[in-house]
Every structure is written in structure tokens, then in C-alpha cells.
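A.B. asks: My questions all concern the structure below.
Coordinate-derived values only; no laboratory data. Being a predicted model, the structure only gives us computed values, none of them experimental. No Cβ is skipped: glycine too gets one built from the backbone with ideal geometry, and neighbour counts run over all protein chains shown.
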Amino acid sequence: MKRLCHSSLCRMLFSLFVPFAVMLTLAYGTLESAAIAQTEAVVDAAPIVAPVPRDAAFTKPVPVGIEDLRIIENRVKAIVKQLQRATVGVRNGSAAGSGVIVSKDGFVLTAAHVCGSPGRTVTLILSNGRQVEGKTLGTFRGVDAGLMKITEKGDWPVAEMGNSKKLKAGDWCIATGHPGGFDKDRAPVVRLGRVVLNRRGVIQTDCTLVGGDSGGPLYDIDGKVIGINSRIGANTNWNFHVPVSQFSDNWDRLVAAEDWGGDVRERSAVMGINGDDHDHGCLITGVAEGLPAEQAGLKEGDIITKLDGKPVKGIGDLAKRVGAKKSGDKVKIEILRGEETLEMEVTLVKPKD
């Protein structure tokens, strides 16, 4: 990924910013490992950065002028190195991913599909290149949450677990990880963006993810972990993260190395839309190019009211019912387009990895 110097960062933000979609890639040189803070109970995690009062720049729908962009830039610059230190690369057999250390005794949050299964030996790579051994613990496959633990002794840099339940659309966030796998010549890559959606066990952001980012942390603007990178969709703002509340609410089961829930990544079929809840069903907010929904003639703004003759109760209901089908299955949908009611047939396909 292209590296950006701080002097060009503000110009880049201004030129690329559109309402509700900002993406910033920062890459710093190799960082030395460091202990960050003292730890407390439950997961022994302590703040690696101090919370700051919310400046008006972070609450506006769109930054207004260069000064707002500088405020955002300066906040990211103030916390980014510490966020990177807590981010680790993961090697699990031939597979690569990311994770984040959340306790001094070495607990690491990641994605369930990065863990694979409990009891595996993995290699965790700190931001300075040091490699340590760890093991996989519990996996909640239904939301793609996984837990690992460093098995060696050490003084680990940690990130504090935040509160994902309070997130709302428009909140600023920072994703880190190792796209393409760990690179000794590059620190964890950072992307700045905003929350698009937070509901039903998933956070959606416009922080563009790439293969290798899976399991890496999503931070709020205070530097607290609010999610874990899980999967991507067809469009650049279709990036999905496991809410950190799924880890804190199921902590004991994860530590006990339980393995439960159907794998969210093993949904066998998709139609290729993004949507939101609507009084009459599911409002289509995006249609992926080249996927079945577009081919069938669905458009942004359409409202899916029925699937195979049964009412649709929001985006979550639609996703669950479509995901339970198989690639190649045909489904009949009823939509509202303005004042018109239309019926269409969509042939589903296998999800993109």
C-alpha cells in the first residue's frame, strides 16, 4: 500500500473525503516493542491512550474546512503508534491474519476463521518483528469471534477493550492489520474511516479491508478496541467487523476454549446487496456490480418485501434466509419500487472470500 507522509495527509483527506466515506492509509517504519500501561481486572486491559474530549470536528456529518481535517489528523497521529504496537500478525499453519493484544498476560482477540479451532499452536508477530508462540482458545463462529493467548512470558503492549454497543453511524474509527500478511519492512497498516452501520452482531465501516487484515482491531478515536476485522463485501464500504461486545459478553466461554455457533463465513449463498431495515422489509442501500441482484435488475432504493412468498423483516432476516440457501438456488422476491410492486427471480451465488 502507498505510504503517506504527514505533510500530505491533510491534503489527501480533503481531496478524498465524501460524506460518510473516508479512507486513510498510514504506514510507519518498524516500531520497537514497548510495555504500554498497567492492567486491571477481567481481561487485564488498560488504556494505551488517554480519552480526549470530543472536538466538534468529530461530531460533524462532514469536516468543514482545513482546520477540521487538521484536528482529525493530529488525533490520529497522537495515538497511531500505540495502536500499531498492540496489533500483531498471526501465522496459523500456512494461513496469515492479524490480532490485537488486550491483556498483559497475553490474551489476543482475533477472528474465529483466523483461529481455525481451539488448541492449535500459532505464531504471533509483534510490530517490531519479534515472534512469539501462542495457542488458539475459544471460537464463537456465529459472529466470527476468536481468542488466542501468548504462551511465552513477556511484557506485552496492550489495547483497552471499549464499548461497541454505543457506536452509531458516523462515528470515526481506525482499522489496523497486516494486509497481505506480516511485512518486516512495514508496520501494521492504518485506515481511518467511519461507522456505516452497527446492529445485529456486526459493525460495518468504510475502512477498506484486504486479505490478511482479518482478526485485526477496529479502534474508536480514543484508541479503544471496538471491533475485530472479519470480512469484506463487494464494495469498498462493505467492510464488516465483530463488535467487541461479542468478546466481553462471552469471555468465559472463549477463555475456556469452547467452540460454538455456525460459521458466519460459511454462508453458502448471496445475492449481492447491502441494505437497511424498513417498515415494509429491507431497503436496498447498495447493489454490487456483477452479482445476481444487479443482473436481476434490483436497484438502490428498492424495498424487498417478500422472499419466496414470505414477508422480509429487515436486512438481518433477509441475510439469514439467503445465507441458508445454496449457490445456484433461485429465489423469488417481491419489491416495492416507488408506487409499483414488482416480482423478480434471483439466482444466488457463492459468497466472495
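A.B. asks: With r as the distance between the Cβ atoms of Glu133 and Ala324 and R0 = 30 Å, compute the FRET efficiency 1/(1 + (r/R0)^6) and round to 0.05.
C.D. replies: Result of the calculation: an efficiency of 0.20.
A.B. asks: At R0 = 51 Å, how high is the FRET efficiency between Ala56 and Glu343 if r is their beta carbon distance? Nearest 0.05 is fine.
C.D. replies: 0.60
A.B. asks: Sticking with this structure for a sec: DSSP loop trypsin sites (Lys or Arg not before Pro) in segment 281-353 with at most 10 other Cβ atoms within 10 Å of their Cβ, which ones?
C.D. replies: Here the sparse-neighbourhood loop sites are Lys326.
A.B. asks: If packing is taken as the mean number of other Cβ atoms within 10 Å per residue, what is the order of 99-109, 338-348, highest first?
C.D. replies: The packing order, highest mean first, is 99-109, 338-348.
A.B. asks: How would you rank 216-222, 163-169, 145-151, highest first, on the average number of other Cβ atoms within 10 Å across their residues?
C.D. replies: In descending order of packing, they fall as 216-222, 145-151, 163-169.
A.B. asks: Okay, next question. For Lys306, list long-range residues whose amide hydrogen, built 1.01 Å from N in the peptide plane, is under 5 Å from its own amide hydrogen.
C.D. replies: Answer set, sorted by chain and number: Val312, Glu334.
A.B. asks: Let me ask something else. Spin-label point model (7 Å from Cα, Cβ direction): what's the Lys332 to Trp251 distance in nm?
C.D. replies: 5.1 nm
A.B. asks: Under 27 Å Cα to Cα from Lys313, which lysines show up? Leave out anything in the same chain fewer than 8 places away.
C.D. replies: Filter leaves Lys165, Lys166, Lys168, Lys299, Lys325, Lys326, Lys330, Lys332, Lys350, Lys352.
A.B. asks: At a 10 angstrom cut-off on C-beta neighbours, averaged per residue, how do the peptides 197-203, 127-133, 86-92 rank from highest to lowest?
C.D. replies: 86-92, 197-203, 127-133
A.B. asks: Follow-up question, since we're still on this one. For Asp155 and Asp185 in the same chain, what is the full-extension length gain: residue separation times 0.36 nm, less their Cα-Cα distance, in nm?
C.D. replies: 8.5 nm is the gain from fully extending Asp155 to Asp185.
A.B. asks: So, one more: Please say if segment 267-347 is rounded, prolate or oblate, where rounded means a/c under 1.5 for a ≥ b ≥ c the square roots of the C-alpha gyration tensor eigenvalues, and otherwise the choice is prolate for a/b larger than b/c and oblate otherwise?
C.D. replies: Rounded is the answer for segment 267-347, as its axis ratio a/c remains below 1.5.
A.B. asks: Let me ask something else about it. Report Rg (one decimal) and Dmax (nearest whole number) for segment 78-169, counting Cα atoms only, units Å.
C.D. replies: 13.1, 40
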